[in-house]
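Below: one structure, written as structure tokens.
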Amino acid sequence: MSNAEAGILTAIVTGGAAGLGEAVCRQLAGRGVEVMVADRDRAGAERVANECGRAGPKSHAIVVDLAAPEGPARMIEGALAVAGKVDILVNNAGIGKGEAFLDIDAASWDASMAINLRAVVLAMVAVGRHMRERKRGRIVNVTSPASRMALPNYTAYAASKAAVDSVTRAAAVALGPHGILVNSVAPGMMDTALQDKTEREFAALEGRNDFAAFVAERTKRIPLGRRTSCDEVAAGIVWLALDAPGYITAERLNVSGGLDKD
Ligand SMILES: NC(=O)c1ccc[n+]([C@@H]2O[C@H](COP(=O)([O-])OP(=O)(O)OC[C@H]3O[C@@H](n4cnc5c(N)ncnc54)[C@H](O)[C@@H]3O)[C@@H](O)[C@H]2O)c1
């Protein structure tokens, strides 16, 4: 009997090879979900899929560049080929680049939008067509507190995440009649490779040589007074993907220690 016939839930997690996505993969596997780790990092995706397979049902690596126009549709095709169905999509993959507003150019703008926004939309379109047939599905998009801030050294990133908020609302309305829930999670500061890279870029742009002091100041501004972990934020994503009442859609769950206040 295949997993699909056995009723095991299947999930795609984009950017599952590291950071927040890896934590989501591990928690879903621990809850008995068949996980598809979608990432451009082959070695990382295979490592996480193998580890998930030891904790839960067989998991799979899907190696894909989601910034390529055809990447998201190929990912969904690949997932259907290995698992036969997709119950959950977590759109987590993203990039960020600290750059001064007056240094923005077309290439860096397009690079942010391709993965942070277009891939999210195209993945929802491709998986939404499949979920519509099955009249069920849950999608969780990863946004950011940055989406609501004026960030002159992080404009493309903040704009891409503001657009993720917009497309989450649109998709929730479009897909709701087909039994598909679409929500988002806004994580607080997690010490991942992305966070370290961008904070170093911010420090340089602000002329701050003492990186540790710079990071401590940023952390102090968080109302709960501490950074969060990938596991803490992943728990919010997994709750929306598996446990949240079926009447919650178009919602944004802030797991940001008070950075976001609604
Ligand atoms: N780290 C934070 O503090 C923070 C805060 C708010 C929001 N977020 C968001 O959380 C999400 C995860 O961030 P993270 O900190 O874990 O980042 P990360 O850099 O640690 O991991 C991102 C993963 O996405 C993959 N990826 C990037 N571009 C890809 C592409 N074109 N195709 C396929 N895979 C690709 C990378 O290979 C990597 O495995 C992102 O959407 C980010 O914007 C992070």
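All of the numbers you see were taken from the coordinates with simple rules; none came from a lab. What you see is a predicted model, and the numbers here were worked out from it, not measured in a lab. Heads up, the Cβs are rebuilt from the backbone with ideal geometry, glycines too, and the neighbour counts pull from every protein chain shown.
The table below gives the values:
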item: Between helix 42-55 and the chain: long-axis angle, C-alpha atoms, 0 to 90°, nearest 10; result: 60
item: K261 paired with A68, simple spin-label distance in nm, labels 7 Å along Cα-to-beta-carbon; result: 4.6
item: Rounded to whole Hz, the Karplus (6.51, -1.76, 1.60) HN-Hα couplings of region 89-103, x for glycine and proline; result: 10, 10, 8, 10, 4, x, 10, x, 9, x, 8, 5, 3, 6, 9
item: Where a label projected 7 Å from the Cα of A150 along Cα→Cβ would reach, residues of region 178-206 with amide N under 17 Å; result: none
item: Net dipole in debye of region 84-211 [+1 Lys, Arg Cβ; -1 Asp, Glu Cβ; about Cα centre; nearest 20]; result: 1000
item: Note, ³J(HN,Hα) from phi for region 132-148, Karplus 6.51, -1.76, 1.60, rounded to Hz, x at Gly and Pro; result: 4, 5, 8, 6, 7, x, 10, 10, 10, 9, 9, 9, 7, x, 4, 4, 10
item: Under the Karplus curve 6.51 cos²θ - 1.76 cosθ + 1.60, θ = phi - 60°, whole-Hz ³J(HN,Hα) for region 238-248, x wherever Gly or Pro sits; result: 5, 4, 5, 6, 10, 10, 5, x, x, 9, 9
item: Long-range HN-HN contacts of N141 with modeled amide H, under 5 Å; result: N91, N183, S184, V185
item: Neighbourhood charge, 13 Å Cβ-Cβ cut-off, centred on W109 and excluding it, Lys, Arg +1 and Asp, Glu -1; result: -2
item: Top of N183, N50, N141 by mean-square fluctuation, Gaussian network on the chain, Cα under 10 Å; result: N50
item: Farthest positive-ward along region 104-252 dipole, Cα basis, beta-carbon charges - from A241, V215, S229; result: A241
item: Residue among T228, T192, T143 with the largest mean-square fluctuation in a Gaussian network model of the chain, springs linking Cα atoms under 10 Å; result: T192
item: Inter-label distance for Y247 and E51, nm, one decimal - labels placed 7 Å from Cα along Cα-to-Cβ; result: 3.9
item: Dipole in debye (nearest 20) - the chain, about Cα centre, beta carbon charges: Lys, Arg +1; Asp, Glu -1; result: 620
item: The chain: angle of helix 71-83 to the longest principal axis, Cα-based, in degrees nearest 10; result: 40
item: Rg over Rh, two decimals, region 114-170 (C-alpha only, Kirkwood Rh); result: 1.07
item: Zone of E133's modelled label, taken as backbone nitrogen in region 63-80 under 12 Å from a point 7 Å along Cα→Cβ; result: 77, 80
item: Cα-based convex hull, region 150-243, per residue volume (Å³, whole number); result: 119
item: Between helix 155-175 and the chain: long-axis angle, C-alpha atoms, 0 to 90°, nearest 10; result: 30
item: The chain - convex hull of alpha carbons, volume per residue in Å³; result: 120
item: 5 angstrom amide H check on I62, placed H, neighbours 5+ away; result: V37, A38, D39
item: Descending principal axes extents, region 14-83, alpha-carbon based, whole Å; result: 33, 24, 16
item: Exceeding the 29 Å Cα-Cα cut-off - candidates K97/K135; K197/K261; K97/K261; K197/K220; K58/K97; K161/K220; result: K97/K135; K58/K97
